[in-house]
Structure formats: structure tokens, C-alpha cells
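Peer 1: One structure follows; several queries about it will come next.
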Amino acid sequence: MLYREAGQFKTSYLADSAIFPIRQDRIGIALILAIAFVGVPLVATPYFFSAILIPFLILSLAAIGLNILTGYAGQLSLGSAAFMAVGAFASFNFIARIPGIPMLVAFAAGGLVAAAVGIVFGLPSLRIRGFYLAVATLAAQFFIIWFLTKVPWVTNYNASGVITAQPIVILGYRFDSPPAKYLLVLSIVALMALAAKNMTRGNLGRKWMAIRDMDVAAEVIGIPQMRTKLLAFAVSSFYCGVAGALFAYAYLGTVEPEAYNLDLSFRILFMVIIGGVGTILGSFLGSAFIVLTPIVLNTTVTWLDAHTPVHIPASAGSNLEVVVFGVLIIAFLILEPHGLARLWSIGKEKLRLWPFPH
Amino acid sequence: MSEVAPVTATSRPSAPRASARTAGGVILAVDHISLAFGGVKALTDISFDVREHEIRAIIGPNGAGKSSMLNVINGVYRPQHGTITFRGVPRHDVNTHEAAAQGIARTFQNIALFKGMSVLDNIMTGRNLRMKATFVEQALWIGRARNEELANRHKVEEIIDFLEIQHIRRTPVGRLPYGLQKRVELARALAAEPVLLLLDEPMAGMNVEEKQDMCRFILDVNEQYGTTIVLIEHDMGVVMDISDRVVVLDYGKKIGDGVPADVRANQAVIDAYLGVAH
Ligand SMILES: Nc1ncnc2c1ncn2[C@@H]1O[C@H](COP(=O)(O)OP(=O)(O)OP(=O)(O)O)[C@@H](O)[C@H]1O
Ligand SMILES: [Mg+2]
């Protein structure tokens with residue numbers, strides 16, 4: 001009975017509406033934050049920072065963005081990566097064209113530009129839904145990447161189309177070591193995740209879910225569909241935009257349209273599906289899963305190749321990845337549409353009863 | 001859609017309602033409303049009024065246009081002709097969310113709850129118009145965001161107590177039996193503290209006990225909060241028991257209007273219910 005809510009009676013609605021009403025959860029989250037901010041930097045290797053932790057965090061942020069739009073507001077989007085690209089390129093231009101602009105301001109402004117573009121591409125959602133909306137966002141994906149590739153102004157007339165990202169300097173400090181970048185990304189992601197949790201647990205989150213579950217009924221109780229949907233597009237694209245800027249500046253080190261292709265949009269969608277549609281926690285779980293699975297598969301394949309008589313070609317790892325993802329997506333869609341986050345809460349439910357089964 | 005109950009006396013004594021609540025002036029006037037879907041005339045030149053604090057029933061056979069009438073009143077459908085005057089303001093049509101802002105709430109014939117949300121969240125959603133915090137305040141959980149959440153939670157808990165659904169507060173609505181879902185939908189409508197409450201067959205598909213509970217709730221809402229209620233119901237016993245006045249529709253036309261006893265004695269109404277050819 002390590003995990004119980006018994007004896008923890010809520011004496012006020014304030015306590016009841018807290019983000020983590022159960023004490024063990026609060027301890028858990030404090031522990032995770034302590035480990036993430038203090039423990040990890042002490043032990044992690046540069047490879048671990050650059051290849052695993054930083055992309056995991058950045059993609060979690062993008063997944064939160066998509067989850068707000070798709071999981072909460074019910075508007076399917078296949079254009080997340082394009083909105084990330086808008087954030088990255090907008091930040092690049094702010095930094096390149098406005099001398100002395102603080103880096104964080106540039107990232108936030110990049111997010112705002114992405115939000116504005118998100119609103120424009122969200123307009124069709126007022127008329128069409130489901131499959132047709134997905135196709136419209138797919139068009140956004142292709143159009144935006146095409147635009148960024150074809151209009152020389154956005155790449156500052158850079159001939160190759162691949163721009164080296166300016167170094168991240170905040171208050172005179174250069175964030176160029178992997179742990180420094182990691183801590184910066186972690187701070188931004190933690191704060192934005194908290195903000196997302198706040199939005200989704202209150203009135204705004206309920207309005208989004210109301211539109212998702214039954215839009216006519218939502219209108220009838222006074223929720224303006226247009227405003228609420230477009231706000232979801234804006235907030236979601238803001239999150240994707242900031243994630244895109246971080247992706248370029250803290251992960252890739254370059255700003256290039258190709259990094260934000262349809263493939264990335266799908267990976268973010270898979271994170272949401274596998275992690276859990278309509279949960280903030282699920283965005284992290286899904287991201288961890290999608291980032292780690294290929295690494296684990298590749299390591300396994302290499303190990304098997306080296307330590308067993310079977311010869312496995314190096315390409316098997318990436319092929320296996322495609323197969324495993326495909327199977328998992330289908331399995332989750334059929335068996336557990338609420339993803340890892342639901343499995344987690346079922347696990348907690350079991351733990352609550354443990355060791356007594358009834 | 002439920003069966004049309006025949007016009008017969010009910011098992012329960014159907015004495016005229018004690019008029020403790022005095023109906024006031026006209027709060028809603030429906031004037032010459034006509035609505036058609038392509039060739040289908042759902043409503044033809046319908047006029048009637050609803051007085052403050054009364055319970056006004058709309059009855060009629062399947063397809064008579066009852067639900068369409070409610071949909072016109074709160075803006076889901078736009079009539080081709082006619083005006084709706086609510087609290088003295090005449091209008092041809094209105095946005096549904098504006099109607100909500102003016103104090104009109106409703107329930108649906110086919111339950112329209114938010115399936116992915118808990119009972120508590122569904123009811124809290126009913127209070128969205130009273131929560132003014134901007135999304136920035138909500139993201140930072142400061143100022144109005146926090147205070148409004150708490151203040152409105154108090155009101156919602158009051159409604160939860162009133163409708164006796166404390167035990168299912170945390171349950172996702174999709175898992176509830178039909179009768180309880182109907183009650184939660186009423187709770188969501190009440191959460192808006194409406195001036196005018198439109199109920200589309202609130203008792204359809206319920207067993208006798210659930211129906212009695214629902215009747216009691218409707219009467220209590222009407223008496224305690226003074227809410228004006230327009231109610232569609234097929235169960236004649238219920239209609240005769242709880243309504244002050246009744247409008248009868250048939251094939252989109254109004255064929256009767258008056259106090260329950262008069263309507264029941266009306267030959268056109270009896271014919272409509274017995275299916276006499278037109
Ligand atoms: N959205 C719509 N599109 C087309 N026709 C409609 C629509 N809504 C209603 N109708 C038609 O209008 C007529 C009246 O329907 P309405 O639902 O108002 O009847 P009702 O009296 O509520 O019936 P019931 O007792 O079966 O609920 C019917 O012929 C119906 O088919
Ligand atoms: Mg109907």
C-alpha cells in the first residue's frame with residue numbers, strides 16, 4: 001500500500017483541483033524534477049544528452065502542442081513539423097535581422113509567428129473536419145516546407161539552404177555544451193508543460209474537449225466554436241513553433257526545411273497516439289518511446305550481429321524500426337486508444353489496491 | 001424516439017397543478033415561425049407564447065416538429081419566416097452561443113453529453129460563460145483562473161447535490177446508464193442558471209421510478225429557481241401532471257394550445273393521436 005489516496009481527504013475544492021491531488025504523485029513529480037535538473041547532469045554522457053535527452057524533450061514539447069490540438073480539441077493535424085519549421089525559421093530571422101534581440105525573446109516570437117500561421121491553416125477546420133481536415137493540414141505541411149525552400153528571403157539568401165544556427169547566448173552565457181543546452185531545453189519544456197497542464201485542467205481545456213466531443217452541444221451551452229478552435233490551433237502551433245526553434249538551435253545546430261518533413265509530423269502524431277491522446281503526461285511517454293525504440297532496436301541488432309553466429313545487416317535495425325512502429329500503432333489504436341498514459345493510470349489503480357486484490 | 005403514449009388518464013392522480021407559482025408576463029413569444037428542410041415542412045406558421053415561471057409543454061406525434069421548434073428557439077435552426085421574441089427582444093435568428101448568453105439552456109432528445117469527460121467536468125462546462133479568465137491567466141493559473149474555478153465549483157457541487165448525483169461525480173459519462181446520463185445533461189443545463197430551460201424528452205427511455213425522479217427535479221427547478229421551462233414529452237400522464245399549458249403540434253402545424261384539461265378534451269388533438277386521416 002505504497003500508493004494510496006486513502007486518508008487524504010480533500011477539505012476544499014482548491015485541494016481537489018490541484019494538478020496532483022494525490023501526495024505520492026506530488027512526491028513523484030518533485031523527484032523526477034530533481035533527477036532531471038540535478039541527477040542527470042551529474043551522470044549523463046555527452047552522447048546521452050545530444051542524441052537522447054535533448055531530442056526527447058524537444059519532441060515532447062511538440063507532442064504537447066499536437067496533443068492540445070488533436071487530443072484535447074479533437075482537430076487532427078498532419079502538419080506539426082511544418083509549424084515547427086515556421087518557429088525555427090522565424091526565430092532565425094528575428095535573430096539575424098534584429099541585432100541584440102534576446103535569444104529567448106526570439107524563440108517566443110518564433111512561436112508567435114507559428115501561432116499566427118497555425119490560425120490561418122486552422123481556418124478550414126471551421127468548415128471541414130476529420131479526414132478532410134487532416135488532408136488540409138497535410139497541404140499546410142507541403143506548402144510551408146515548399147515556401148521555406150523556395151523563398152530566398154526566409155533563408156537570408158543563403159545559397160545552400162542549410163543555415164548554421166547562431167549560437168545560443170543568454171545574458172552573456174553561451175549554451176554550447178550538451179549539458180548546458182539540456183538544462184536550457186529542460187527548463188523551457190518544464191515551464192511550458194506546466195502551462196499546458198494549467199490550460200487543459202481548467203475552463204479552456206473543458207471548452208476544447210467539449211468541441212471535440214460534441215460541437216453542437218458545445219455551441220448550445222455558449223462555447224463559440226470558431227474562437228475556441230482557432231485558439232487551439234494558435235496555442236498548439238505556438239508550442240510546435242518553440243519546439244521547432246529549439247530543435248534547430250539546441251539539437252540540430254542548423255536551420256533547414258528538410259529537417260521538418262512529413263516524416264517528423266507523423267512521428268509526432270505517433271507520439272500522441274502511443275503516449276495517450278488528451279494527456280500531457282502521455283506526450284512525454286510517447287516521445288520517450290519513439291526516441292528510444294530505434295536506439296534500442298539498433299543496439300540490439302548490432303549486439304546480436306557481433307555476439308551470435310547470425311549475421312544481420314546493419315540496415316535491419318532501421319527496417320525493423322518501421323515494422324515495430326507500424327505494429328505498435330495498430331495495436332495501440334485497437335487495444336488501448338488512450339495510450340501509455342492510460343496504462344500508467346491502470347498501473348497506479350492496481351498499485352492503489354495492492355497488496356489486497358479487492 | 002419513443003412511442004407516443006395514448007391520451008388516457010394516468011395511474012397517478014392528475015389534479016391540476018397547484019398554482020403556488022404565479023406565472024408572470026410573456027418571456028418568450030414565437031410568432032409565425034415557418035421552417036422547411038427542402039421540401040419537408042417541419043414547422044408551418046407556428047405562434048405561441050411562454051410566460052415567466054411557467055412549465056409549457058409541447059406535445060405531438062413523432063415528426064410533428066417539436067424538436068425543430070426548440071432548435072429554432074435557441075438558434076440551432078434558422079426559420080425561413082417568423083420572429084422569436086425573448087425577454088422583449090425580437091429576432092429572426094440567433095447564434096446558439098448567443099442564445100446561451102441570453103439565458104437559454106437545453107437538453108437534447110438524443111443525449112448530447114461530452115463523452116470523453118467526467119460528470120463533474122461536463123457540468124462545469126455548463127458554467128463556461130461565467131468564467132472570464134483569458135488563456136494567459138489560465139496558462140499561468142493566476143488571478144481569475146484559479147478563483148473562478150473554485151467559485152464555479154461551489155455552484156456545480158450545489159447542483160450535484162440537488163440532482164443527487166454525488167456518487168458519480170468522477171465517472172466518465174460514457175459509462176453511466178441512460179437514465180443517469182439524462183440527469184447529468186439536466187445538471188449541465190442547470191449549471192448555466194438559465195432563465196429559460198428547454199427540455200427535449202427528458203424522460204424518454206426511463207423506467208417509472210426514474211421518470212418520477214425526473215418529474216420531481218423539473219418541478220423543483222421550476223419552484224426553487226423560478227426557471228421557465230419548455231418541455232417536450234410523450235408521456236401524457238407526465239404532461240398533464242406537471243405542465244401549466246400545452247401546445248400541440250401535428251405535421252408542423254399547431255392544432256391545440258391551452259391548459260392540459262382543455263387540450264385533452266380537444267377533438268383535433270385526440271384525432272391526431274389516434275391517427276385519424278387528414
Ligand atoms: N436537420 C434536419 N434535416 C432534414 N429534416 C429534418 C431535420 N430536422 C428535422 N427534420 C424533419 O422535420 C420534421 C420534424 O422533425 P422533428 O425532429 O422536429 O420532430 P419531433 O416532433 O421532434 O419528432 P419526435 O417525436 O420523433 O422527436 C421531420 O419530418 C423531420 O424529418
Ligand atoms: Mg423530437
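The values are calculated or read from the model by the stated rules, or taken from the named source; none is laboratory data. Keep in mind that this is a model prediction, so the values were computed, not measured. Please note: Cβ atoms are built from the backbone with ideal geometry, for glycine as well, and neighbour counts cover all protein chains shown.
Peer 1: Among (1) of a type in the set (Gly, Ala, Ser); (2) at pLDDT below 95; (3) touching a strand residue (DSSP E or B) at 6+ places or on another chain (Cβ under 7 Å), there is one condition residue A:96 misses while meeting the rest; what is its number?
Peer 2: Answer for residue A:96: the failing condition is (3).
Peer 1: Okay, moving on. Being surrounded by 23 or more Cβ atoms within 10 Å (Cβ to Cβ) and either small (Gly, Ala, Ser) or within 16 Å of ligand 1 (Cβ to nearest atom) (or both) is the filter here, so list the residues in segment B:204-239 that pass it.
Peer 2: Once the filter is applied, which keeps residues that are surrounded by 23 or more Cβ atoms within 10 Å (Cβ to Cβ) and either small (Gly, Ala, Ser) or within 16 Å of ligand 1 (Cβ to nearest atom) (or both), segment B:204-239 yields B:230, B:231, B:232, B:233, B:236, B:238, B:239.
Peer 1: Any residue at all in segment A:229-246 that's within 14 Å of chain B (Cβ to nearest Cβ), closer than 21 Å to residue B:149 by Cα and among the charged types (D, E, K, R)?
Peer 2: no
Peer 1: Name the single residue that is nearest to residue A:50 (Cα to Cα) among those in segment A:235-277 being among the small types (Gly, Ala, Ser) and surrounded by fewer than 24 Cβ atoms within 10 Å (Cβ to Cβ).
Peer 2: Residue satisfying both the conditions and the ranking: A:253.
Peer 1: May I ask you to list the residues in segment B:49-69 that are in contact with a Ser or Thr (Cβ under 6 Å, 6 or more places away or on another chain) and near ligand 1 (Cβ under 6 Å from one of its atoms)?
Peer 2: none
Peer 1: Among the residues of segment A:163-178, is any of a type outside the set (S, T, N, Q), buried (at least 20 other Cβ atoms within 10 Å of the Cβ) and touching a Pro at 6+ places or on another chain (Cβ under 8 Å)?
Peer 2: Yes, because at least one residue in segment A:163-178 is of a type outside the set (S, T, N, Q), buried (at least 20 other Cβ atoms within 10 Å of the Cβ) and touching a Pro at 6+ places or on another chain (Cβ under 8 Å).
Peer 1: Is it the case, given these coordinates, that residue B:183 is out of contact with any His (no Cβ under 8 Å at 6 or more places or on another chain) and either farther than 20 Å from residue B:230 by Cβ or not assigned by TED's automatic domain parsing to the domain that holds residue B:55 (or both)?
Peer 2: Against the criterion (out of contact with any His (no Cβ under 8 Å at 6 or more places or on another chain) and either farther than 20 Å from residue B:230 by Cβ or not assigned by TED's automatic domain parsing to the domain that holds residue B:55 (or both)), residue B:183 qualifies.
Peer 1: For segment B:187-216, how many residues meet the condition of being in contact with a strand residue (DSSP E or B) (Cβ under 7 Å, 6 or more places away or on another chain) and either closer than 17 Å to residue B:110 by Cβ or among the β-branched types (Val, Ile, Thr) (or both)?
Peer 2: Counting residues in segment B:187-216 that are in contact with a strand residue (DSSP E or B) (Cβ under 7 Å, 6 or more places away or on another chain) and either closer than 17 Å to residue B:110 by Cβ or among the β-branched types (Val, Ile, Thr) (or both) gives 7.
Peer 1: Can you name the residue in segment A:26-51 that is assigned to a helix (DSSP H, G or I) and of a type in the set (Ser, Thr, Tyr) and is also nearest to residue A:252 (Cα to Cα) among such residues?
Peer 2: A:50
Peer 1: Out of A:196, A:165, report the one residue that is under 18 Å from residue A:58 (Cβ atoms) and modelled with pLDDT of 95 or more.
Peer 2: A:196
Peer 1: Being closer than 27 Å to residue B:242 by Cα, away from chain A (no Cβ under 14 Å), near ligand 1 (Cβ under 9 Å from one of its atoms) and at pLDDT below 95: is that true of residue B:16 here?
Peer 2: Taking the combined requirement at face value, the residue does not satisfy it.
Peer 1: Let me ask something else about it. Working only within segment A:160-201, note down all residues that are hydroxyl-bearing (Ser, Thr, Tyr) and closer than 14 Å to residue A:37 by Cβ.
Peer 2: Selection gives A:182, A:187.
Peer 1: Sort through B:129, B:113 and tell me the only one that's within 21 Å of the chain's Cα centre (by Cα) and within 7 Å of chain A (Cβ to nearest Cβ).
Peer 2: B:129
Peer 1: Okay, moving on. Any chance you could count how many residues in segment B:141-161 are within 13 Å of residue A:203 (Cα to Cα) and either of a type in the set (S, T, N, Q) or part of a helix (DSSP H, G or I) (or both)?
Peer 2: Residues that pass the stated criteria total 10.
Peer 1: Would you point out the residue of segment A:85-103, among those that are in contact with a helix residue (DSSP H, G or I) (Cβ under 6 Å, 6 or more places away or on another chain) and free of Cβ contacts under 8 Å to residues at least 60 places away in the same chain, that is surrounded by the most Cβ atoms within 10 Å (Cβ to Cβ)?
Peer 2: A:94
Peer 1: Ok, one more. If a residue has to be under 22 Å from residue B:191 (Cα atoms) and either away from ligand 2 (no atom under 16 Å from the Cβ) or over 16 Å from the mean Cα position of the chain (by Cα) (or both) to count, how many in segment B:206-238 make the cut?
Peer 2: 20
Peer 1: Which residue pairs have Cβ atoms under 9 Å apart, sit 6 or more places apart or on different chains, and have a first residue in segment A:170-195 that is within 14 Å of another protein chain (Cβ to nearest Cβ) and a second that is crowded, with 16+ Cβ neighbours inside 10 Å and not in a helix (DSSP H, G or I)?
Peer 2: A:194/B:141; A:195/B:141
Peer 1: Grab the helices (runs of 4 or more DSSP H) fully contained in segment A:52-161, keeping just those with 1 or more residues being over 17 Å from residue A:241 (Cα atoms).
Peer 2: A:80-97, A:130-150
Residue by residue, here is whether (1) away from ligand 2 (no atom under 13 Å from the Cβ); (2) surrounded by 24 or more Cβ atoms within 10 Å (Cβ to Cβ); (3) farther than 23 Å from residue B:155 by Cα holds:
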site	(1), (2), (3)
B:45	yes, no, yes
B:56	yes, no, yes
B:70	no, no, yes
B:76	no, no, yes
B:94	yes, no, yes
B:97	yes, no, no
B:120	yes, no, no
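Peer 1: Going by what's in this entry, would residue B:100 be described as away from chain A (no Cβ under 14 Å) and small (Gly, Ala, Ser)?
Peer 2: Criteria not met by residue B:100.
Peer 1: If you don't mind, another one. Going through B:161, B:200, B:244, B:271 one at a time, which residue ends up being within 26 Å of residue B:45 (Cα to Cα) and either within 14 Å of chain A (Cβ to nearest Cβ) or within 16 Å of ligand 1 (Cβ to nearest atom) (or both)?
Peer 2: Just a single option satisfies the conditions, and that option is B:200.
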